[in-house]
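Notes follow once the structure below has been shown.
The values are calculated or read from the model by the stated rules, or taken from the named source; none is laboratory data. All values derive from a computational prediction rather than experimental measurement. Backbone-built Cβ (ideal geometry, glycine too); neighbour counts: all protein chains shown. Remember, those area values only see protein heavy atoms, side chains included, never the ligands or the DNA or RNA. Shrake-Rupley method; radii C 1.70, N 1.55, O 1.52, S 1.80 Å.
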Amino acid sequence: MQWLRNLPLHFKIASVGGLVILLMLLALTFSTSSVNALTASQKEQQVTVEVVHHIEQLLTDLVDMETGVRGYVIAGNREFLEPFEVGMMQHSEHLTQLEELMSDDSSQLDRLARIRTLIGRWHDEVLLPEIALVEGQQKEAAVAMVQSKAGKAIMDQIRSLIGEVNAVKQRQAADLAAQVTRTAEQSRNRTFGAALGAVLLSTLAAYALARSITRPILGLMDAAEQVATGGAGYQVPVGAQDEVGRLATAFNRMSDSLMHQQVEMSAQNEELHAQQEMLTHTMAQLERDSDRLRRLNQFSRSMVSTDIPSLSRRLLADLLAASGAQVGALALLDSTGDLKIQAQVGLTEAAAAAPRVTGLFQEALTADEPLAVTYPNGALLRPVYHTDLPVEHELYVPIRFGGETLAVAALGRTGPAPFPQEDIHWLTIMAAQAAATLSNTLGYEKLSEAFTDLQDSAAHIEELSAQIEEERDRVRAQRDNLRAILQSTSEGVCLVSLSGLPILVNDQFWHLFGADSRQELTMDELGELIRPRLKHPKAAGSFIQAMLSQTTSTDVLEFAEPEYRVLHRFTTPVFAEDGKLLGSLFVLRDVTREAEIDRMKTEFISTVSHELRTPLTAIRGYVDLILDGDVGPISDEQREFLDLVSRSTVRLANLINDLLDVEKIEQGRIHIRQEEVNAAALLRDVVETFRVSAADKGLTCDVTVEGALPPVYGDPDRITQVFSNLLSNAVKYTKAGGITIRAAADADRLTFTFADTGIGVAPDHLPSLFEKFYRVDNQYTREVGGTGLGLAITKAIVEHHGGTIEVQSEVGTGTTFVVTLPAHRGITSPSAGNPAHS
Amino acid sequence: MPKVLIVEDDPQIARIVQIKLTNNGFTVIHAPDGGAGLAAVREHRPDLVLLDVMMPVMDGYQVLRSLRAEPEFAKLPVIMLTAKGQERDILHGFKDGATDYVVKPFSPAEVVARVQRALR
């Protein structure tokens, strides 16, 4: 039945229509068959009527024949034979007619055949003989024959048969009529039934169809109404796969989808609801946070001007309030890196006064997050809190600013619930906020200190300012003085800046070049100015070079124009007090006249020394000739005296040699060999040569060399000369005691100290000690003798080696000479060394 | 007998050298200045010349250079007599072709020793 229900709706409607039409057709068929039956019955009745008619005719024919014959027989008139003949002709026709009418009934045909046969027999056996007898004038035989009733028997048989045929026919007709009536009745009944059935069926089908359509539609409608009123997910039973079924399926899908949507929506709704709840929660949280922030903000703002202890107290109080902790402490990291309790609530006195806190405080110092600790069953072992509260949870919050932990706050609370995560988070934020405040306050404290210092400084500065003002006036006056001095000096002075521009120049500087003092010249222009005037124009280059360099140097410039002039140049870098290089100072001195005198002096000395040597040579020569016995024998006394003369001559010659040495050294003509010299070894050798002469005078002679001395770059002979001169003097001028020689070195200098316990030099003589021919004139020195050139030569040699020589002395105590020589460190730096070599 | 020429402006020194050398078996000729010295060399063809440096008119170096300029005197031993004892002067003399040096004031015996050595 399912397939039926699955049929499409239009097909169903068509089916019902078709069914109704079919039933109508059936009814029509029934009525038609009834009519047909009636028609057949009528035909049968007509046949029966015809049969009856033909039977009656037949009987009539038979009667006519019998009567005719009988008449003939009786009357013997031929006229009576005519009916016979007509009957004879007609009865066959009637029989044939009957046969045709009842051709479908064999029993009747059989009867008819028997009738035909009997009639034949009757004709042949009765009628014809009788006729024949009449014709043969045997009329009595013919009437006897008629009276014999032979014909009557046959005739009876025929009549019986015909009666039979008629009866059968009549019965058949009656049967047919009854049958027709029945059939008609049946037909009517059927037609009626069919019509009724058609009406009923169509009504039923229509109803069923309507129902099959309306019921699911109603269901759908109900469902739709249900859906419309919010009954999502309502499912319509899908009875069939027809349009309504499909509609129902679609509806179900729609309903399903609606339900899904509704489910989703409700889920969303729930989520929204949850969100709303969360939002509400967050709002509340935010409000709380905002409240906290506002409080923190107020707190922070109120903190700015406060001091660290009260800030710490407030911070701790705030943290306690925020975390719901009952006890706590705030430890600040001090400058020594120790954590020290600054504020506390509920701590024992001992714990609060501890010089520094360690343990978890220390751990929290480097922890990234607050450190939560739980002491189950209130088993906090350390007697930190004197409160009776059983502290079960501790939280250590590092307070950090800019990656640096400033402090650690410890918070304690009773159980059983630990610090909520949210609170910890909030405390972290607070700690961060507080850290900024704390840092600010720490900074502020430092700043306050600095400010106090600054105020002190300001007062000091004011004082200083007044002093500076004074000083400035003084400097101004000094500068004016300086300027006046600068202008009044005969030397040309020029201060050249680092960029090579003259900053401070006196008039004399320009006048020395024959230039106008008003001229503002650059160094290049100055070079161009002096170049043509120089005796050696090439010297201009080195002159300008010197002006621009920042080293100390001197030289001499010879001018040919406008008149012969010799200028001594001295250049030295000028530094400010802070060591900053300001530039170079030039001092030009007109040494034309001095140079001339010097030249004359040198020439004079040279001449004198030559002129002295010549007679000396003669004296020595003659004396030696006498001593050698070249001019005859001499007495011992003569020999002794001549020997004295000879030695004095040699001494005089040495004096002259020294004199020449001094002169040459001063003129820069001394030749100093350049090589690495082991000065310590030289010193020891020289000391050894003096040991005998010192011992002769009963003097000690100690030499100490401290460590390994670096070499000196120079002339070993000349250095020997220096040591020798100083030792010679020491031995010469010491009566008792001894000589102590010490050699030492620092990074770049060797220092040689020659200390004696001799007669000493009076202070007024000391400055001149290194001058040529300077001799301290007293009884002793006269006894000792000397050229008065030794120290001058010594100084000259030392200075040519880039060294220094100094003397300290006290009369009666002794004299100390200190010689320094530059150390040679393997780097060739002949700059300080030796002009003669260049 | 080796012949020595002494060119010396100071007669005393010349005399001392002359006495000492003669006593030691030398023939000594004296020239009082540079010019005379050159002439004496050409005339007497000495075996050795003692040449003073500081002389008027023509100093010892000039005489030495003149002598060395003449091929026949290129190898003539010349000992300089000078008051200047410094290395630089000695170097100067050697550069000009001096054989040896004697520094004033000298011992006559030293001169004899140097002359003998120069002639060996």
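Side notes on the structure shown:
- Neighbour net charge for A:Leu332 - beta-carbon separation under 13 angstrom, K R +1, D E -1: -1
- Computed over the range B:3-107, relative contact order equals 24 percent, with contacts defined as Cα pairs under 8 Å that lie 6+ residues apart.
- One Cα centroid belongs to the range B:1-70, the other to the range A:4-34; the line between them spans 184 Å.
- Per-residue SASA entry for A:Arg620, accessible area with 1.4 Å probe, Å² rounded to 10: 50
- Whole-Hz ³J(HN,Hα) from phi, Karplus 6.51 cos²θ - 1.76 cosθ + 1.60, for the range A:557-562, glycine and proline x: 10, 10, 9, 9, 10, x
- Exposure check, 1.4 Å probe, all protein chains in place: A:Arg479 carries approximately 120 Å² of accessible surface.
- Distant-in-sequence amide contacts of A:Tyr385, defined by a placed amide H-H separation under 5 Å and a gap of 5 or more residues or a different chain, comprise A:Thr348.
- Accessible surface ranking for A:Tyr207, A:Tyr713, A:Tyr733, A:Tyr396, 1.4 angstrom probe, highest first: A:Tyr207, A:Tyr713, A:Tyr733, A:Tyr396.
- Ligands, DNA and RNA are left out, and with a 1.4 angstrom probe the accessible area of the range B:3-107 is 41 Å² per residue.
- Between the range A:119-194 and the range A:415-455, the alpha-carbon centres lie 154 Å apart.
- Ignoring lysines fewer than eight residues from A:Lys43 along the same chain, the ones with Cα atoms less than 28 angstrom from its Cα are A:Lys169.
- Against chain A, whose longest principal axis comes from its Cα atoms, helix A:308-323 is set at around 10 degrees.
- Tilt relative to chain A, helix A:81-101 - C-alpha long axis, 0 to 90 degrees, to 10: 20
- Protein-only accessible surface at a 1.4 angstrom probe places the residues A:Glu445, A:Glu462 in the order A:Glu462, A:Glu445, largest first.
- Residue-wise HN-Hα couplings along the range A:131-145, as the Karplus relation 6.51 cos²θ - 1.76 cosθ + 1.60 with θ = phi - 60° gives them from phi, are 4, 4, 4, 4, 5, x, 6, 9, 4, 5, 3, 5, 6, 4, 4 Hz; Gly and Pro carry x.
- Each Lys and Arg contributes +1 and each Asp and Glu -1, all at the Cβ; summed about the Cα centre of chain A, the dipole is approximately 1140 debye.
- Per-residue average of Cβ from other chains inside 10 Å of B:12-24: 4
- Applying a DSSP loop filter and a limit of 15 other Cβ atoms within 10 Å to the trypsin sites (Lys or Arg not before Pro) in the range A:73-159 leaves A:Lys149.
- The apolar share of the surface of the protein assembly as shown, taken as the fraction of accessible area on carbon and sulfur atoms (1.4 Å probe, ligands and nucleic acids excluded), comes to 56 percent.
- List B:Met1, B:Met54, A:Met102, ordered by accessible area with a 1.4 Å probe, largest first: B:Met1, B:Met54, A:Met102
- Modelled FRET efficiency - R0 35 Å, A:Arg749 with A:Ser693, Cβ distances, 0.05 increments: 0.75
- Partner lysines whose Cα lies under 20 Å from the Cα of A:Lys149, excluding those fewer than 8 positions away in the same chain, are identified as A:Lys139.
- Count Lys and Arg as plus one, Asp and Glu as minus one, and take only other residues whose Cβ is under 12 Å from that of A:Ala205; the net charge is then +2.
- 3J(HN,Hα) along the range A:399-404: 10, 10, 9, x, x, 10 Hz, from the Karplus curve 6.51 cos²θ - 1.76 cosθ + 1.60 with θ = phi - 60°, whole Hz, x for Gly and Pro.
- In the calculated pair-distance distribution of the protein assembly as shown, the portion above 46 angstrom amounts to 72 percent of the Cα-Cα pairs.
- Residue mean of other protein chain beta carbons inside 10 Å, A:608-621: 6
- Per-residue SASA entry for A:Thr592, accessible area with 1.4 Å probe, Å² rounded to 10: 30
- Compared with the dominant principal axis of the Cα atoms in chain A, helix A:106-122 is inclined by about 20°.
- Paramagnetic label reach from A:Ala708 (point 7 Å along Cα→Cβ; backbone nitrogen cut-off under 18 Å): within the range A:719-759, residues A:743-751.
- Difference of contour (0.36 nm per residue) and Cα-Cα distance, A:Glu100 to A:Thr348: 73.9 nm
- Protection proxy ranking of A:408-421, A:340-353 - average other beta-carbon atoms within 10 Å, highest first: A:408-421, A:340-353
- Protein heavy-atom accessible area occluded, B/A pair - total, 1.4 Å probe, Å²: 1900
- Dividing the summed -39500 (n - 2.57) terms of all DSSP H runs of n ≥ 4 by the residue count of chain A sets its mean residue ellipticity at 222 nm at -21500 deg cm²/dmol.
- Legend: mean number of C-beta atoms from other chains within 10 angstrom of residue C-beta atoms, peptide B:97-107, equals 4.
- Cβ-placed point charges (K, R +1; D, E -1), dipole of the range B:3-107 about Cα centre in debye, nearest 20: 200
- Mean Cβ neighbour count within 10 Å, used as a protection proxy, ranking A:795-802, A:452-459, A:808-815, A:319-326 highest first: A:795-802, A:319-326, A:808-815, A:452-459
- Centroid-to-centroid separation of the range A:515-581 and the range B:93-107 [C-alpha atoms, Å]: 44
- Simple label model, 7 Å out from Cα along Cβ direction - A:Ala466 to A:Asp524, nm: 5.3
- Packing rank of B:42-49, A:177-184, where each peptide gets the mean count of other beta carbons within 10 Å, highest leading: B:42-49, A:177-184
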